[in-house]
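The values are calculated or read from the model by the stated rules, or taken from the named source; none is laboratory data. Worth saying up front: this structure is predicted, and the values here are computed from it rather than measured. So basically every Cβ, Gly included, is an ideal-geometry build from the backbone, and we count neighbours across all protein chains shown. SASA here: full protein model, heavy atoms, side chains in, ligands and nucleic acids out. Shrake-Rupley method; radii C 1.70, N 1.55, O 1.52, S 1.80 Å.
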Amino acid sequence: MPNYECIKVENENRVTTVTLNRPDKRNAMSPQLNDEMLDALIRLGADPDTDVLVLTGEGDAFTAGMDLKEYFRGTEHDPVLSERAKWTMREWSYTRLRFFPRVTIAAVNGWCFGGGFMPLVSCDLAIAADEAQFGLSEVNWGILPGGLVTKDVTLALGYRDAMYYALTGKTFGGQRAKEIGLVNDSVPRAELGEAVRELTDTLLKLNPQTLRSTKEALRHSADMNYEQSADYLAAKSAQLGSRDPEKGRLKGLSQFLDTKEFKPGLAAYRRDAADA
Ligand SMILES: CC(C)(COP(=O)(O)OP(=O)(O)OC[C@H]1O[C@@H](n2cnc3c(N)ncnc32)[C@H](O)[C@@H]1OP(=O)(O)O)[C@@H](O)C(=O)NCCC(=O)NCCSC(=O)/C=C/c1ccc(O)cc1
C-alpha cells in the first residue's frame with residue numbers, strides 16, 4: 001500500500017483495519033483523506049489477504065464529519081474542486097464501502113458527526129464505545145444533512161429518531177446508538193478492541209464468498225419489489241455457486257447429511273485449512 005498521510009492501513013490475520021488518522025483535527029474528512037480512502041478501498045477490494053475490513057478512528061474521534069475548513073470553505077470558490085471533493089466522498093463512503101466485497105465493521109471509538117454517518121451506515125456492522133458521541137450537527141450550523149446522510153439515517157434509524165436527531169442536532173452516546181439500531185452493540189471504550197475481535201473471529205470462520213453474496217443480497221434487494229427480489233435472489237444464489245471456490249454449499253450438506261459432523265442450526269461447517 002502507498003504511504004498515506006491521513007489514514008493508516010494495517011493487516012493482521014486476514015483482518016484489515018483502516019484508521020482515519022487526523023487526530024489533531026478529530027479525523028475530519030478533508031479532500032486528501034477522501035482521496036486516500038478511495039484509493040485504499042479500490043486496492044483492498046482486490047486484496048487476497050483481506051477477509052474482513054474494520055474502519056475506525058485515531059484518538060478521541062471516529063470522525064468529526066466533513067472538514068469544515070478544507071471541504072467546505074476551501075472549495076467554495078472552485079466549483080471543479082468542489083465537485084471533485086463531493087464525488088470522492090460519495091464514491092468511497094457510499095459506493096466503495098457499502099459494496100466492498102468483504103464484510104465491513106465500523107468501530108466507533110469517539111466523536112461521530114454529520115458526514116461521518118455515511119461511512120458508519122455504509123459499514124455492514126458497527127460497534128460503538130459507550131463513550132462515543134454521535135450527532136447530526138448540520139442543523140447547528142445552518143445546513144441540512146447533505147451528501148447521503150439524510151438517506152442513510154432514514155435507512156438506519158426509525159423515522160421518529162431520524163427526524164428527532166436531524167432536527168435538534170442533539171448528541172447521543174453509544175448505548176443510545178445501540179437502542180435506536182444505529183450500531184449493533186456498544187461496550188466500554190476499553191473493551192472495544194476485544195468486542196471487534198470477537199466479531200471478526202466469528203466472521204473469519206465463515207465462507208467469505210457466502211458472506212459477500214449475503215451482504216450484496218441484503219443491500220440490493222432492499223430497494224426491489226417482491227418479484228424482482230425473488231428473481232434477483234435466485235440469480236444471486238446461482239452466482240454464489242459458481243464464484244465460491246471452496247464449494248461451501250456442497251461441503252455443508254455433506255457434513256450434515258453424510259458424515260453427520262455438525263448441525264447447521266447451531267454452527268458453521270468445517271472449512272479445510274486450504275479454504276481458510
Ligand atoms: C466536538 C468536536 C468534534 C471535538 O471538540 P474538541 O475535542 O474540543 O476539539 P476542537 O473543537 O478543539 O477541535 C480540534 C481541532 O480539530 C478541528 N476540527 C474538529 N472538527 C472539525 C471539522 N469537522 N472540520 C474541520 N476541522 C475540525 C478544530 O477546528 C480544531 O482545529 P485547530 O483549531 O486547528 O486545532 C468539535 O471539534 C466539533 O464540534 N467539530 C465539528 C463537528 C461537526 O459539526 N462536523 C460537521 C458536520 S456536517 C458534515 O459533516 C457535512 C457533511 C456533508 C457531506 C457531503 C455533502 O455533500 C454535504 C455535507
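Below, the figures for the structure above:
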{"quantity": "Every residue from the range 195-225 that is in a loop (DSSP other than H, G, I, E, B) and surrounded by 19 or more Cβ atoms within 10 Å (Cβ to Cβ)", "calculated": "N207"}
{"quantity": "Selection from the range 157-170 of residues that are within 16 Å of the ligand (Cβ to nearest atom), open to solvent by less than 70 Å² (accessible area, probe 1.4 Å) and either closer than 21 Å to C123 by Cβ or of a type outside the set (S, T, Y) (or both)", "calculated": "A162, Y165, A166, G169"}
{"quantity": "In the range 251-276, the residues that are among the aromatic types (F, W, Y) and exposed (fewer than 15 other Cβ atoms within 10 Å of the Cβ)", "calculated": "F262"}
{"quantity": "Residue in the range 22-36 that is closer than 25 Å to A156 by Cα, at pLDDT 95 or above, buried (at least 22 other Cβ atoms within 10 Å of the Cβ) and away from the ligand (no atom under 16 Å from the Cβ) present", "calculated": "no"}
{"quantity": "Hits in the range 49-76 - residues which are surrounded by fewer than 18 Cβ atoms within 10 Å (Cβ to Cβ) and either within 17 Å of F117 (Cα to Cα) or aromatic (F, W, Y) (or both)", "calculated": "D60, L68, F72"}
{"quantity": "Whichever residue in the range 104-127 is part of a helix (DSSP H, G or I) and out of contact with any helix residue (DSSP H, G or I) (no Cβ under 7 Å at 6 or more places or on another chain) and, among such residues, is farthest from the ligand (Cβ to nearest atom)", "calculated": "L120"}
{"quantity": "Residue within the range 91-99 that is within 11 Å of the ligand (Cβ to nearest atom) and either in a helix (DSSP H, G or I) or not small (G, A, S) (or both) present", "calculated": "yes"}
{"quantity": "Search result, residues across the range 128-144 that are open to solvent by 10 Å² or more (accessible area, probe 1.4 Å) and more than 7 Å from the ligand (Cβ to nearest atom)", "calculated": "D130, E131, Q133, V139, G142, L144"}
